[in-house]
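The values are calculated or read from the model by the stated rules, or taken from the named source; none is laboratory data. Since we're looking at a predicted model, the values are computed, not measured. Please note: Cβ atoms are built from the backbone with ideal geometry, for glycine as well, and neighbour counts cover all protein chains shown. Remember, those area values only see protein heavy atoms, side chains included, never the ligands or the DNA or RNA. Shrake-Rupley method; radii C 1.70, N 1.55, O 1.52, S 1.80 Å.
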Amino acid sequence: MLLVVQNDPRVPLGTYADYLAEAGAPFRTIRPYAGEALPNPAGIGAVIVLGGAMGVNDVAKYPFLDGVKDFIADTVACKVPLLGICLGGQLLAHVLGAPVVCNSPWGEKGTLPVTLTVPGSADPLFREIDRRFMTFQWHNDSFAIPNGGELLASSSTCPNQAFRFGANATAPSFTPKSTVRSSKTGAVGPPKPWHAAEIFLLILLPVLLPIMQPPTACF
């Protein structure tokens, strides 16, 4: 079972829902902002943590974020495959001890180019796409790369675009899940061409689905 953590009612699963359905991959969405409890990650095949309008330090206004952080920490400890997108990636970096700069000078909005690093070009998530590719960006905050993490992608606008931590956790700052419908609601911005995001997702699923196996033990 793939677990999707939705942090903001305005930022749904988007394009992922269509691709997961086409792939026949069972998934469940948990909405902690609505009071839904996050499970023990030990029995989960993989996790996607979505974005949101809040920041990692906005716990006073969004107290559910503390629970999401704890869940991410437990997921990493259990070595369950985790993809943290935008806010999800910032939460992952924060949990791993890396600074997340609020209203950073590297904030981005729109369809912008990203370049893979040498490790990024060899990474299972990115190795089938061009080294330089277009992404959809909608973030004010930016993460540093945690100790033990590896930078996978960068750009002239924002130096830290994606990182991997260990074999199972990956965090892109860009948003490869947007749809025209969600953008028209104001959730992520004005309509943009989504073909790059769709290519990214087609690569993601063959990589993610074979490793969606629960760990044998987690303590």
Notebook entry, point to check: When all protein chains stay in place, what accessible area (Å², nearest 10, 1.4 Å probe) is found for V95?
Noted result: 50
Note to self: Full-extension gain between A34 and T157, please, as 0.36 nm times their residue separation minus the C-alpha to C-alpha distance.
What the structure shows: 40.8 nm
Check: Per the 1.4 Å probe, what fraction of the accessible area of the range 47-129, in percent, lies on carbon and sulfur atoms?
Finding: 55
Next item on the list: Report, to two decimal places, the Cα Rg of the range 1-128 normalised by 2.2 N^0.38 Å (N = number of residues).
Entry: 1.08
Margin query: Assuming 0.36 nm per residue, please report the length gained on full extension of the stretch D130 to K61 beyond their Cα-Cα distance.
Written below: 20.8 nm
Check: What does the charge count near A77 come to, summing +1 for each Lys or Arg and -1 for each Asp or Glu among other residues with Cβ under 13 Å from its Cβ?
Finding: 0
Check: At what distance in angstrom do the alpha carbon centres of the range 1-15 and the range 73-103 lie from each other?
Finding: 16
Checklist line | Cβ crowding within 10 Å averaged over residues, with 85-93, 142-150, 48-56, 126-134 ranked highest first | finding: 85-93, 48-56, 142-150, 126-134
Check: If R0 is 22 Å, what FRET efficiency do you get for A17 and A53 from their C-beta distance, rounded to 0.05?
Finding: 0.65
Next item on the list: From largest accessible area down, sort C78, C102; use a 1.4 Å probe on the protein chains.
Entry: C102, C78
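Any idea of the accessible area per residue across the range 13-149, 1.4 Å probe, to the nearest Å²?
Averaged over the residues of the range 13-149, the accessible area is 43 Å².
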